[in-house]
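Read the figures in this text as sums done on the coordinates, not as results from a lab. Given the structure is predicted, the values throughout are model-derived calculations rather than measurements. Cβ: placed from backbone, ideal geometry, glycine included. Neighbour counts: every protein chain shown.
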Amino acid sequence: MLDVPDRVAAPRGKGTVKVVITRLDDGKAPLELHAVNAPGGVVVEPATIQAGGTLADVRVTAPADAPVTIVLEGTTGGRVLGKSHPILIDTAARAAVAQVISDED
């Protein structure tokens, strides 16, 4: 099971998805995390979680012009163990905060 946030802030198109992993198999083999059908221009760095590991940081780079959605998949030995729900990679998150601050002045 992969526990991920609904939304990840990615100012300037770079962000990190924090993943909490609950293994329902014997957990003796490494778990590979990767994106499933990532949109064009989006780079999701695969992550390997060693046996017994429960946390992972997955780095995402996306075009800074619009938010995108990704889904992560966990596999071991070529077998899919689980998928995340869709995760919004919000490339405009920092810009929105800056706009609110400047409106108050």
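Here are the numbers for the structure shown:
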| quantity | calculated |
| --- | --- |
| Residue-averaged [θ]222 nm for the chain, counting only DSSP H segments that reach four residues, each worth -39500 (n - 2.57) | -3500 deg cm²/dmol |
| Residues in the range 2-29 that a label on residue 92 would reach, taking backbone N under 15 Å of a point 7 Å out along Cα→Cβ | 8-13 |
| Largest to smallest principal axis extent of the C-alpha atoms in the chain, angstrom | 56, 26, 18 |
| Neighbourhood net charge (13 Å Cβ-Cβ; Lys/Arg +1, Asp/Glu -1) for residue 82 | -1 |
